[in-house]
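Beneath this line is the structure, given in structure tokens, with notes to follow.
The values are calculated or read from the model by the stated rules, or taken from the named source; none is laboratory data. A quick note: this is a predicted structure, and the numbers were derived from the prediction, not measured. Note that each Cβ is placed from the backbone with ideal geometry, even for glycine, and that neighbours are counted across all protein chains shown.
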């Protein structure tokens, strides 16, 4: 994979490419100096060319040392506009009144080259600044030149003003307007892209990267529909009692680390965090759409969490923090998933009997002092799961608030200790 160029380096390269257009304008100035017919202004053109050479070199240095410096960019844009003003003055006002005041093609190109150079920055304010200075001075010079001619009537004055030079000025103005609209469109596109990135960042706090892509690319997954999913509940034992005496800073630290471990593990196995409920976490495997391996990933995630949360508990003890135990309940079945609308606060969630069962199994885990309780439906769905751990079994367990009995399997309290021997 090709390494990505750092943003600062990209900005510097962009500024260098943009600054190179100044040397195009400089070469035109030098060409006019060499082949120009009016040698009386040779010294004047020499001074202008030398001065702009210094500006061009300074712009290159600034592009490498201080890329994306708004104030410095504005200064160089003003200097570019002043160069165009000088070129306009030389052709319009500097010559005698009876001389040809038309702009040469090469001189006219300078104004448009530097306008495009400014537009390459895609900054509306800089384009407006440059085009305003040039257009204002250009029109002012044309008005002054028209007033110099002997115009006995207003009609003759207008005739002297609205000539080919005025058409060129108007063309410059329309070109500047088009570039301003282009920069505005680019700015809107950037803001929209930034908004999408922010939305993606918000989604990534709750969903794995794969799920985020599904949510972005397929709006149909947001519709409420029945699907199979594995539901997991994780919570901290006796957290309420601990929170009554812990300081706010300690409580925030412990809870933040716990959530980081749980959410990170869930994401690593392709699950989604449906919601945080205090010290409880509800995770779903099969949202926003079901996959054939949802149950196996959910069970693997639960087993991984048993070990990770045990290590977290041991680390807390070493730091003098409470030895907070955790429990996990896991079940699999058909749920109703999608966006549940309320009119004020919509929620992307799942509901149904499997959700209630998983929550009740989490409570059973506490009663059994087990780190993990699963329904035997989960083990039946995963080949080899029956032998993957020393499961203890209980048949026909009654869950609070549910008539139907359920068979469960659970891990012994000392499961992690046995694993490390």
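Results for (1) touching a strand residue (DSSP E or B) at 6+ places or on another chain (Cβ under 9 Å); (2) closer than 24 Å to residue 272 by Cα, shown as yes or no for each residue.
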residue: 323; (1), (2): no, no
residue: 363; (1), (2): yes, yes
residue: 368; (1), (2): yes, no
residue: 372; (1), (2): yes, yes
Could you check the range 224-246 and list, in sequence order, the residues that are at pLDDT 90 or above and surrounded by fewer than 14 Cβ atoms within 10 Å (Cβ to Cβ)? 226
What's the total number of residues in the range 274-295 that are within 16 Å of residue 358 (Cα to Cα) and surrounded by fewer than 20 Cβ atoms within 10 Å (Cβ to Cβ)? 4
Pairing a residue in the range 73-95 that is under 16 Å from residue 144 (Cβ atoms) with any residue that is at pLDDT below 85 and part of a loop (DSSP other than H, G, I, E, B), where Cβ atoms lie under 6 Å and the two sit 6 or more apart in sequence or on different chains, gives 91/103; 92/101
State all residues of the range 66-86 that are at pLDDT 75 or above and over 16 Å from residue 118 (Cβ atoms); if no residue qualifies, say none. 86
Search result, residues across the range 360-412 that are touching a residue at least 40 places away in the same chain (Cβ under 8 Å) and in a strand (DSSP E or B): 372, 373, 374, 375, 406, 408, 410
Residue list for the range 246-277, filter: within 27 Å of the chain's Cα centre (by Cα) and in a helix (DSSP H, G or I): 256, 257, 259, 260, 261, 262, 263, 264, 265, 266, 267, 268
Residue by residue through the range 304-320, note down the ones that are surrounded by fewer than 17 Cβ atoms within 10 Å (Cβ to Cβ) and in contact (Cβ under 8 Å) with a residue 60 or more places away in the chain. 307, 316
Checked the range 278-297 for anything in contact (Cβ under 8 Å) with a residue 12 or more places away in the chain and either assigned to a loop (DSSP other than H, G, I, E, B) or closer than 16 Å to residue 340 by Cβ (or both); matches are 278, 279, 282, 284, 286, 287, 288, 289, 290, 291
Restricting to the range 325-346, name every residue that is without any contact (Cβ under 8 Å) to a residue 60 or more places away in the chain and either touching a strand residue (DSSP E or B) at 6+ places or on another chain (Cβ under 8 Å) or buried (at least 19 other Cβ atoms within 10 Å of the Cβ) (or both). 346
Return yes or no: is residue 304 within 25 Å of residue 413 (Cα to Cα) and either in contact with a helix residue (DSSP H, G or I) (Cβ under 8 Å, 6 or more places away or on another chain) or in the same structural domain as residue 354 (by TED's automatic domain parsing) (or both)? yes
